[in-house]
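Remarks on the structure that follows.
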Amino acid sequence: MRTWRVAAFSGSAPFSGNGFRAKGYNGAFGSDLWLHQWSLLSSMAFLPDNEWTGDSSRLLGGRYSSSVTLSQGIYYLLTHMFMESGTVLTIPAGTTIKAYARDPSGLAPALVIKTGARIEATGTISSPITFTTVLPPTLLPMRGTWGGVIILGEATVQDQAQSGQIEGITGNDGQFGGTNDNDNSGTLTYVRVWYGGADISDSSGIEENEINGITFGAVGSGTKVSYCEVAFNLDDGFELFGGTVDLKYCSSLFNGDDAFDIDLGYRGRMQFLFALVGLKGDHAAEVDSKSGGSVDAQPRSFPQIYGATFVGGAPENTRGSVVRIQEGSAGIFSNMVITNGKTGIENKDCGAENRTQKSPGGIVDMQYLYLYDKNVVFNSHGGDFTQIVLDNKTCKELLVNLSSFEILQLAFSSVIYGELSISGKYVEGYPLAVNSNPSILNLPYSATETGILQGQINKSLCGSIFLS
């Protein structure tokens, strides 16, 4: 019987000298990924950045049944990271978590905060917390390079028997929803989620499970979310399935679907939202509320948006309206600037909700759709443009009579009411919006991934609008 012996080749080994030196590992790579930057694999985005030092304490992934507190610095997400019920993931300011594209099973890594768990990610303006890709900066921006962040809570969700499983996560790991609308899933402050949205499907064969930058599944109002951004995600930026969590100061940039996607009875407040749709996106905001085939399923989606600037992708991208409200959705849409799209606001597939421009004076029963009559909805690109579209006879027939409201004498191209199109004036009862160039100072009013144009405030046209 032959016995094989492995030599470490040190000292006088035949590989010593002339530029050769023995190493204490097998294979071609130690901690130095020497293919970085020059190899075909690197140029095709198959390799991560060459920065890992070999410190295994900086690797994340797997199932955590006890709380985890990270230290400031860079971590690497190798596979799904599940925080189990009762645990807390604490991430300090200035921490960066870089995710790989796939784990050994072929799944795109994602962070999942399960029901009953919390995430405490409190960054600062000078030291934000960043979730991003391991790819080198020379290959960015790029969508779909890893999964994303999923937070699951125990607040109410519409038609819970059918909707309590988050997309892309199977079994108990993906369950969400309950009866506690005050549920607390933690804190996200100054958190950035970039370049995610990869398909996180498993071996079951389910496809097209691209997840959102940040997914909120039945997250309650005890959760604090402010100063958060999702950029270059392959699917939606922020998605809210039911729940009551409030969002404040949130930015969604150049994502592949909707900037803010609302569904399944979400009823939280949202203030100071900013979206750039770009060339690949669909809507700055899409609001749905149909479940089990019914546009009157309860609780009805009722987002309360106070203050938003939504910039569409026109003229290159005119696929969808900047804001789409459909499938029986209700809500409050107030103090908004909507520009740079083919259509400003689209309302379709209505249910039994009332539609009004009378000041609601409160949330009441959450069974109405309120569009503020001084929302600025403007055509910034010079092509065909419609301020507000009601493209369903049901939406038309149930529209609250608005004849007592003052009609603003402002020029616009056209509005569409059901099958009736009129140019130059509003149809009586048609919802109103201000059509005046906002010319946003120090922010883009026309933008794609490849170029941003800035404007100057025209005080004679817009000063009173911003003060009202």
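What is the packing order of peptides 181-190, 340-349, taking the mean over residues of other C-beta atoms within 10 Å and listing the highest first? Walk me through the numbers on the way to the answer.
On the way: 181-190: 21.2, 340-349: 24.2.
Highest mean packing first, the order is 340-349, 181-190.
Look at where the Cα atoms of segment 290-347 and of segment 228-257 average out, and the two centres are 14 Å apart. Modelled spin labels at ARG319 and GLU449, positioned 7 Å past Cα toward Cβ, are 1.1 nm from each other. Computed from label points 7 Å out along Cα-Cβ, the spacing between SER127 and SER85 is 3.5 nm.
Rounded if a/c is under 1.5, else prolate if a/b is larger than b/c, else oblate: which is segment 56-215, with a ≥ b ≥ c the root eigenvalues of its Cα gyration tensor? Note, shape of segment 56-215 comes out oblate.
In segment 175-329, a dipole from Cβ-located charges (positive for Lys and Arg, negative for Asp and Glu) runs towards its positive end, and of GLY222, ALA198, VAL287 it is GLY222 whose Cα lies farthest in that direction.
Among the listed pairs LYS290/LYS342; LYS224/LYS358; LYS224/LYS280; LYS290/LYS358; LYS248/LYS358; LYS248/LYS280, give every one whose C-alpha distance is greater than 27 Å. Before the final figure, lay out the partial values.
Numbers: LYS290/LYS342 25 Å; LYS224/LYS358 30 Å; LYS224/LYS280 30 Å; LYS290/LYS358 25 Å; LYS248/LYS358 25 Å; LYS248/LYS280 25 Å.
From the list (LYS290/LYS342; LYS224/LYS358; LYS224/LYS280; LYS290/LYS358; LYS248/LYS358; LYS248/LYS280), the Cα-Cα distance tops 27 Å for LYS224/LYS358; LYS224/LYS280.
Sort out for me the Cα centre separation of segment 32-75 from segment 138-157, rounded to whole Å. That distance is 18 Å.
Taking a ≥ b ≥ c as the square roots of the Cα gyration tensor eigenvalues, segment 226-326 comes out oblate, since a/c reaches at least 1.5 and a/b does not exceed b/c.
On a 1.4 Å probe surface of the protein chains, which of LEU77, LEU59 comes out largest in accessible area, and what is the full order?
Heavy-atom accessible area, descending, gives LEU59, LEU77.
Among rounded, prolate and oblate, which fits segment 168-271 when a ≥ b ≥ c are the square roots of the eigenvalues of its C-alpha gyration tensor, a/c under 1.5 means rounded, and a/b larger than b/c means prolate? Oblate shape, in that a/c is at least 1.5 and b/c is the bigger or equal ratio. With both labels modelled 7 Å from their Cα along Cα-to-Cβ, the ALA45 to ASN18 distance reads 4.3 nm. Judged by the mean number of other Cβ atoms found within 10 Å, the most tightly packed of the peptides 373-380, 294-301, 109-116, 215-222 leads the ranking 215-222, 109-116, 373-380, 294-301. Taking packing as the residue-averaged number of other Cβ atoms within 10 angstrom, the listed peptides 267-277, 228-238, 64-74 run from highest to lowest as 228-238, 267-277, 64-74.
The values are calculated or read from the model by the stated rules, or taken from the named source; none is laboratory data. Predicted model, so just to flag it, every value in this text is computed and none were measured. All Cβ positions, even for glycine, are placed from backbone atoms using ideal geometry, and neighbour counts span all protein chains on display. These accessible areas exclude ligands, DNA and RNA; they are computed on the full protein's heavy atoms, side chains included. Shrake-Rupley method; radii C 1.70, N 1.55, O 1.52, S 1.80 Å.
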